[in-house]
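A.B. asks: Handing you a structure now.
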Amino acid sequence: MSVDKQKPNAADDVRHLSADELQKIEETYDPELRFRILVWPLTLITAAVLFVLSCYHFYTAGFGIPQATVHRGLHLGVTLLVVFLSFSAFGKKEIKPGALAPFGLPLIDWVLGIAGLVAALYVPWIYSDLAFRVGNPLPIDVIMGTILIVVLLEAVRRSMGWPLPVIAILFIAYAYFGKSMPGIFVHPGASWSNIVNHLYLTSQGIYGTALGVIATYVFHFVLFGVMATRIGLGQLFIDVASALAGRYAGGPAKVSVLSSAMLGSISGSSIANTVTTGALTIPAMIRVGYPRHFAAAVEAAASTGGQITPPVMGAVAFLMIEYLGLPLTTILTAALVPAFMHFFGVLVQVHLEARRLGLRGLSAEELPNAWKVLKQGWLSVVPLIVLIAILLSGRTPFAAAFWSITACVVVLIIQQVRASGIAAGLTGTFHGVWEGFILGAKQSLSVTAAAALVGVVIGVVTLTGVGFKIAYMVTGLAQDWAGSVHALLAFLPFELMAVPTLTLLFTLILTGIVCILMGCGIPTTANYIIMVAVAAPILGLLGVEPLVAHFFVFYYGVLADVTPPVAMAAYAGAGIADANAFKAGNTAFRLSMGKALVPFVFAFQPALLLVTENFTWTAFALAFGGTVLGIWALAAAVSNWLFAPLRWYERIALVLAAILLVAPDMIATVIGLLLLAPVAARQLLLTKSAAPG
């Protein structure tokens, strides 16, 4: 990636990338989209299989799914077959037909794809006898299970890269070589037959909750996101955001934040969101004067926020339903304030940077008219309204997905008929549904394979109990640190923090680090599932509510997308901006400080999530107000601007004020306000004295 140009803000140095260039950038940083080019007739065969898979899920969403193991096995088997049709072993996009490559597909890919299909369907096939096989597998069971595990490892490697397969292999090795493990991690070990039995024949492994949620919920919402985009909902979001925010200082950056928040709410990929909206917003940000790396970082930070924004939340909301046993409305309500805080944090920094640089907003000629945008595109909002209404009514998520996808098809018919007449419109509708259903199924391939492989990791955790061992080790280390720090602060005439509070603080820090490290190169959904098994029990040992623990690990897993050295969303934005990638990643992490701070706030004050136990409006008001002021103070400190340039000691005072303000304690909040007030007062006086007249 090239470094920033000498004149990064020069308007004549900004160019819009073509669709092919944008696709290349997206494929570079998102291995899930590196589909190979197939030759006839394999193109049609693959498309037909993907279309039928989407039709199957659309039907089951509306009319009920088969028995769980049958449903999961069918979904996994077809997915594995298509993965080996769609992803090449070493990234080569096109292969010529030959004796070793029938229809342009290497023979080994045919073997792996068919083997994965057969091995995945084997468990549903023997389902009636499964109760007698569990714990006492037949040799053929072990063989089939071994085949499926090997095929899964290769399927995920092709579609997502090495990180998750390596983690899965390490966990399997841990289960097998348990007697050789050091210290607290030692366990009796398990034979290969027992490992395969647990991972393959029980609901604790490959066919467990992770795969079930993908097959039952996530697929449908991926399909909805694709269909909603095809009817123009994504473009409507961008146009509405432009009309609302484009006129203000640094307008394109604020448009980026608002449009990414709206588009990300129906999209599960922060990289795809970055490329989709960034293609328009990043060049506009550079034209008005933002540095290239900052423009890339704004789009990346805003796009990753889409994964924490209701109603879809990158599909994690539906996993939380299964793991926590709570209604979806509870999950979505809990997500509202933290999502607001993230985008508020990005907006504040964008605004302060614009003021510091003296940047303009967009002129009226450069902006769409809000009324015209809504008048022309209101129909595309109907499916989203249907989705939210059904979700809030308490009906099942897949029922909401069924009716919202149906609404997308109806809207598509109306749009096509209006534009081309009845005959041509119906033909256009068929092509739109055909392409949308194929793309929706295609985008679910990698997440399905990843969820099944995550089942291997979860299976090893339940087989060996390693999750609780990690939890015990981390909390023990945090308690030692807390005791040491408490002893160092003993000279103070008052107790700043009690040992239990310090223990929780250090535990949260260690857990957050683990989540970010595990999230490097792993999609949010897969990372969340692993963290629920490995990291959430750590917080549970300290009495943290399950909902709070799940939100904490989820938020820090999402941060991995903008945390160097593997900040894929930021690097994709840098590719569009032609900026220094590492600089964009560091800036994106800084812009995401709201997402980094807020989990600590709701861990200490769960009232911020609105639906936790012992909720009071007083506690919520204290936490909410303190967090808003704290984010603003910290944003000013890192931007070196509040209402005017800051002195060095004022920046230090603002950092201390921010820390105290986000601490959900009345005394800390008052001290933070006392630190913030004189800085703000001096800044306001400077502003008034500098004003003309």
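A.B. asks: Apply the Kirkwood formula to the range 389-507: the hydrodynamic radius equals the inverse of the mean of 1/r over all pairs of different alpha-carbon atoms; give it in Å with one decimal.
C.D. replies: Hydrodynamic radius (Kirkwood, Cα pairs) of the range 389-507 is 20.4 Å.
A.B. asks: When the C-alpha atoms of the range 178-276 are aligned to their principal axes, what extent does each axis show, in angstrom, from largest down?
C.D. replies: Result for the range 178-276: principal-axis Cα extents of 66, 33, 16 Å.
A.B. asks: At each listed q (0.14, 0.15, 0.19 Å⁻¹), what is the log10 of I(q)/I(0) that the Debye formula gives for the range 183-236 modelled as equal alpha-carbon point scatterers?
C.D. replies: So the normalised log intensities are -0.60, -0.63, -0.76.
A.B. asks: Moving on. Might you work out the accessible area of residue 128 for me, using a 1.4 Å probe with all protein chains in place, and round it to the nearest 10 Å²?
C.D. replies: Its heavy atoms expose roughly 90 Å² to the probe.
A.B. asks: Specify, per residue and in Å³, the volume enclosed by the convex hull of the alpha carbon atoms belonging to the range 251-315.
C.D. replies: For the range 251-315, the hull spanned by Cα atoms encloses 54 Å³ per residue.
A.B. asks: Now a separate question. Between residue 477 and residue 166, what is the spin-label point distance in nm, taking each point 7 Å from the Cα along the Cα→C-beta axis?
C.D. replies: Taking the simple label geometry, residue 477 and residue 166 are separated by 1.9 nm.
A.B. asks: Leaving ligands, DNA and RNA out of it, report the carbon-plus-sulfur percent of the accessible area of the chain at a 1.4 Å probe.
C.D. replies: 69 percent
A.B. asks: While we're looking at this one, here's another question. Based on C-alpha coordinates, I'd like the Rg and Dmax of the range 225-369, in Å.
C.D. replies: Looking at the range 225-369, its Cα Rg and Dmax stand at 15.6, 51 Å.
A.B. asks: What does the convex hull of the alpha-carbon atoms of the chain project to on average, in nm²?
C.D. replies: The number I arrive at for the chain is 34.2 nm².
A.B. asks: So, by mean Cβ neighbours within 10 angstrom, what's the order for 552-558, 534-540, 469-475 with the highest one leading?
C.D. replies: 552-558, 534-540, 469-475
A.B. asks: Apply 1/(1 + (r/R0)^6) to the Cβ-Cβ distance of residue 422 and residue 48, taking R0 = 22 Å, and write down the FRET efficiency to the nearest 0.05.
C.D. replies: Calculated value: 0.25.
A.B. asks: Please quote Rg/Rh for the range 35-176 to two decimal places, taking the Kirkwood radius as Rh and restricting both calculations to Cα atoms.
C.D. replies: 1.00
A.B. asks: Ordering 365, 322, 545, 299 by accessible area with a probe of 1.4 Å, largest first, what comes out?
C.D. replies: The ranking, largest first, comes out as 365, 322, 545, 299.
A.B. asks: Right, next: What ranking, highest mean first, results for peptides 444-450, 404-410, 131-137 when packing means the other Cβ atoms within 10 Å averaged over each residue?
C.D. replies: The most tightly packed comes first, giving 444-450, 404-410, 131-137.
A.B. asks: Another question about this same structure. Quick one: which of 626-633, 567-574, 349-356, 163-170 comes out on top by average Cβ neighbours within 10 Å, and what's the full order, highest first?
C.D. replies: Ranking, from highest mean packing down: 567-574, 626-633, 349-356, 163-170.
A.B. asks: Suppose a student asked you for the relative contact order of the chain, using Cα pairs under 8 Å spaced at least 6 residues apart; what percent would you report?
C.D. replies: About 18 percent, as a whole number.
A.B. asks: With every protein chain left in place, what is the accessible area per residue of the chain in square angstrom, probe 1.4 Å?
C.D. replies: With all protein chains present, the chain gives 40 Å² per residue.
A.B. asks: What percent does the relative contact order of the range 510-553 come to when contacts are Cα pairs within less than 8 Å and at least six residues apart?
C.D. replies: Answer for the range 510-553 is 46 percent.
A.B. asks: Sticking with the crude label model, points 7 Å out along Cα→Cβ, report the distance from residue 356 to residue 434 in nm, one decimal please.
C.D. replies: Taking the two extended label points, one gets 5.3 nm.
A.B. asks: Find the eigenvalues of the gyration tensor of the Cα atoms of the range 509-576, then list the square roots of 5 times those eigenvalues as equivalent ellipsoid semi-axes, largest first, in whole angstrom.
C.D. replies: In descending order, the three semi-axes are 25, 10, 9 Å.
A.B. asks: If you place +1 on the Cβ of every Lys and Arg, -1 on the Cβ of every Asp and Glu, and leave all else neutral, what size is the dipole of the chain about its Cα centre, to the nearest 20 Debye?
C.D. replies: Using only the charged Cβ atoms, the result is roughly 960 debye.
A.B. asks: I've got another one for you. Evaluate the distance, in nm, between pseudo-label points positioned 7 Å from the Cα of residue 70 and of residue 24 along their respective Cα→Cβ axes.
C.D. replies: 4.9 nm
A.B. asks: Quick check of the Kirkwood formula: for the range 534-675, what is the inverse mean of 1/r over all pairs of different Cα atoms, in Å?
C.D. replies: Averaging 1/r across every pair of different Cα atoms and inverting gives 16.5 Å.
A.B. asks: Sort largest first and round to whole Å: the equivalent ellipsoid semi-axes of the range 611-681, each the square root of five times a Cα gyration tensor eigenvalue.
C.D. replies: Equivalent ellipsoid of the range 611-681: 25, 11, 8 Å, largest first.
The values are calculated or read from the model by the stated rules, or taken from the named source; none is laboratory data. All of these numbers come straight from a predicted model, not from anything done at the bench. In this analysis, Cβ positions are derived from the backbone assuming ideal geometry, glycine residues included, and neighbour counts consider all displayed protein chains. Areas reflect the complete protein model, heavy atoms only, side chains present, ligands, DNA and RNA absent. Shrake-Rupley method; radii C 1.70, N 1.55, O 1.52, S 1.80 Å.
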